[in-house]
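Every number in this text was worked out from the coordinates using simple rules, so none of it is lab data. Everything numeric here is computed off the predicted structure, so don't read it as measured data. Here the Cβ positions follow ideal geometry from the backbone for every residue, glycine too, while neighbour counts run over all protein chains shown.
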Amino acid sequence: MTLQTLQELFPMLAAIEHPSDVQTMNEKELTRLGEEIRRMIIQTVSTTGGHLAPSLGVVELTMALLRVFNPARDRIVWDVGHQAYAYKLLTGRLERFHTLRKLDGISGFPRPSESPFDHFGVGHSSTSISAALGMAAARDLANQSHNVVAVIGDGSMTAGLAYEGLNQAGGLGKDLIVVLNDNEMSISRNVGALSSFLSRKLSKRWVQRFKKEAEAIMRQIPKIGDDIADYARRSEDSLKSFFTPGMLFEAFRFTYIGPIKGHDLRLLTNVFEQARELEGPILIHVLTKKGKGYEPAETNPTYFHGVGCFEPETGIARKFAACSLPTFTEVFGSTLCTLAEKDERIVAITAAMPEGTGLTCFSERFPDRFFDVGICEQHAVTFAAGLASQGMKPVVAVYSTFMQRSYDQVVHDVCLQNLSVTLCLDRGGLVGEDGATHHGVFDLSYLRHIPNLMIMAPRNEPELQNMLATAMAHEGPVALRYPRGLGEGAPLADCPEILPVGQGELLRDGSDGVIVALGSRVNPALEAARLFHAETGRDVAVFNARFVKPLPEEQLLALASTQPCMLVVEENVLQGGFGSAVLELLADRDALAKLRFKRLGVPDIFVEHGSQKELRARLGLNRDGILQALHSLSGGHASKNPV
Ligand SMILES: Cc1ncc(C[n+]2csc(CCOP(=O)(O)OP(=O)(O)O)c2C)c(N)n1
């Protein structure tokens, strides 16, 4: 969209040159601005995909923050950051907003490298209070006086990290404002004791009924009962505050303000102005509606939490191609249900992502054996370890990137005790538009060195089924990592098989070299081998490794001794990944002397956002990249730089 069109269609937004411009707008202008922000977010996300409902829910909250705080001076830390689209629009990114989440475009999350108004990089949840407290401590050490504000959702408040931050903040007593954006939703409905506590709205009628009943009980206490009852009758306010969420945060020595209506801009502005003048840690509890202002998102906030392209008029998903293939996630979910029918010990655990990890169907079929623990990946793993210690077969389904949180739990609670916990790492590899905070490219490296852990990666849907069956039959911990997105349409197995542990399979014969590929890179490797044959007449073998641990050692050594060259391909960082494992094996067994060897994988950089296809092409991890590497390796000119 040109600047001129922007000015015509979004005049209020286009007129903003600096975030503080909202401070001089009158109420009418602000109402129009809010409408334009919502319209712009809906229009853009309908074509780029993204986190629609969370961002629509905080339009007034964002405007109020910018009316009271100046991000050129004050620090605003968004938790997760998926709700910061309005903030992006008001802090200088209007003209680039159409590039949201696209290759070389602006990120879907706050990024300090993108804007001086983004004060902290985010994507994983529940970091805002800790980061904001660090900023407040740095401010005080530097004798500065700016405000620091953290904005955290009720879903993100389920993580222990948030309480670690609250605890220290209350102890230090520093000036810090935490805005709790309570929409009663995580991605799905929020879970746990805290969420029901927060959402306990005390109506006047409830308070009166409670008082009546309590009074009757008190009056029955001999001698002092009447006095206590009279006192309690006079203190409706203290009764109310005693039973509101304030008591929780006040226990952390926060001054609690709320709950307040989160779509009332004037009220929000007043409250923020007052809070700015108070000392010590303050928590402002704001009630918002997820998806506010867009009916389809208000009705179905879970679907519109993070959504693909859709028709803005109706909210109906845009279909690009008639595609009925299941995703890896769906195959995982349905296969787990099949296996759980036969084995009552199987239980499933998600950390606030039943839909994203494909466990909705399991939760409906086996409600007693399904646990949503909230955004608590660390707890999920230790909870699973406890279950496994009592003979259950827990399956923890978590995105690869979020399992990073649970490294110590995997080492100390699961693997050290050799417990039969299966970690199902969805979104292993490049995830696409969510970008650097979400790519699952470190898992093989952070898991491979842990004793007792078996690690597998399927190349297609039936192999995922077989690997899940293999994991369920295995005694000991297992990690199974599979990619985001569709499989290849390979027919599903009615009855998944148990695979021989530590064995790969030769998919294509050849004597001019071998590609050793893992998981999602096996099929592009096969295509590259075919094309290589068509171009050169030479035949390279393709070996599907299946296991990262235990490695198919004997098969790899046999290939190394018979082939002139070996190309290892994975969608993990090169450092410490699958290719490193193969290289270590060959070096340790003296099998490298005559072998030309090269690895393809993710280089030592944080990969940005873009579609999976674009990113794979850019990193040389698609068919053409593998083909090119094959040419250079088989010609004997392997470049030093693997990518
Ligand atoms: C450590 C971690 N686990 C899981 C996620 C995936 N995730 C993104 S947003 C979200 C829900 C956040 O809920 P809330 O904080 O209430 O924000 P809302 O979307 O409701 O505004 C989840 C589970 C994440 N970003 N980080």
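The convex hull drawn around the Cα atoms of the chain, when projected onto a plane and averaged over every direction, covers 34.2 nm².
Ordered by the number of other Cβ atoms lying within 10 Å of each residue's own Cβ, fewest first, His609, His449, His18, His305 fall into the sequence His449, His18, His305, His609.
Only one residue of Tyr256, Thr48, Phe304 has its Cα farthest out toward the positive end of the dipole of the chain, where Lys and Arg carry +1 and Asp and Glu -1 on Cβ, and that residue is Tyr256.
Between 0 and 90 degrees, the angle of helix 225-234 with respect to the longest Cα principal axis of the chain falls at about 80 degrees. Shape call for the range 111-196 from the C-alpha gyration tensor, a ≥ b ≥ c root eigenvalues: rounded (a/c under 1.5), prolate (a/b greater than b/c) or oblate? Oblate, since a/c reaches 1.5 and b/c is not below a/b. Residue separation of Ala15 and His533 scaled by 0.36 nm, minus their Cα-Cα distance, works out to 180.6 nm of gained length. Spacing of the modelled spin labels on Ser196 and Val501, each 7 Å from Cα toward Cβ, amounts to 4.1 nm.
The angle separating the long axis of helix 59-68 from the principal Cα axis of greatest extent in the chain is about 60 degrees. Here each label is just a point 7 Å from Cα along the line to Cβ, and for Thr255 and Gln7 those points are 4.5 nm apart. As a proxy for reagent exposure, Glu584, Glu570, Glu298 were ordered by neighbouring Cβ count within 10 angstrom, fewest first; the result is Glu584, Glu298, Glu570. Between amide H atoms placed 1.01 Å from N, distances below 5 Å from Glu433 occur with Gly610, Gln612, all of them 5 or more places distant or on a separate chain. Taking other residues whose beta carbon is less than 15 angstrom from the beta carbon of Thr401, and scoring Lys, Arg as +1 and Asp, Glu as -1, yields -3. Counted by Cβ distance under 10 Å from Ala380, the other residues give a net charge of -1, where Lys and Arg count +1 and Asp and Glu count -1. Once each of the chymotrypsin sites (Phe, Trp or Tyr not before Pro) sitting in a DSSP loop with at most 13 other beta-carbon atoms within 10 Å is removed, the chain keeps 1-319 as its longest stretch.
Projecting the Cα atoms of Gln465, Val602, Pro11 onto the charge dipole of the chain, computed from C-beta unit charges around the Cα centre, puts Pro11 farthest toward the positive end. For the range 1-150, the Stokes-Einstein estimate of translational diffusion at 25 °C and a viscosity of 0.890 mPa s comes to 156 µm²/s, using the Kirkwood hydrodynamic radius over alpha-carbon pairs.
Over the Cα atoms of the range 334-408, each weighted equally, I'd like the Debye log10 I(q)/I(0) at q = 0.12 Å⁻¹, rounded to two decimals. After summing over all Cα pairs, the log10 values are -0.28.
Think of the range 328-481 as having a plus end and a minus end, set by charges on the Cβ of Lys, Arg, Asp and Glu; of Pro477, Gly428, Met353, Pro477 sits farthest toward the positive end of this dipole. Taking every Cα-Cα distance in the range 505-634 and sorting them into 5 Å bins from zero, the calculated P(r) comes out as 2, 11, 23, 25, 20, 12, 5, 1, 0 percent. For the range 328-481, the square roots a ≥ b ≥ c of the C-alpha gyration tensor eigenvalues yield an a/c under 1.5, which makes the shape rounded. Separation of the range 558-582 and the range 606-638, taken as the distance between their Cα centroids, equals 15 angstrom. Relative to the dominant Cα principal axis of the chain, helix 461-473 is inclined by about 80°.
Kirkwood analysis of the range 270-412, using all unique Cα-Cα pairs, places the hydrodynamic radius at 18.3 Å.
Return the subset of Lys88/Lys292; Lys102/Lys319; Lys393/Lys549; Lys28/Lys174; Lys290/Lys613; Lys28/Lys289 for which the Cα-Cα distance in this structure is over 26 Å, preserving the input order. Check vs 26 Å cut-off fails for Lys28/Lys174; Lys290/Lys613. Sort out the exposed loop trypsin sites (Lys or Arg not before Pro) in the chain (DSSP loop, at most 16 other Cβ within 10 Å) and tell me the longest stretch that has none. That gives 346-537 as the longest site-free run. As a rough footprinting exposure proxy, the listed residues Ile284, Ile515 were ranked by other beta carbons within 10 Å of their own, and the order from fewest upward is Ile284, Ile515. Any chance you could check the Cα centroid distance between the range 395-441 and the range 262-312 for me, in angstrom? If you average the Cα positions of each part, the centres end up 31 Å apart.
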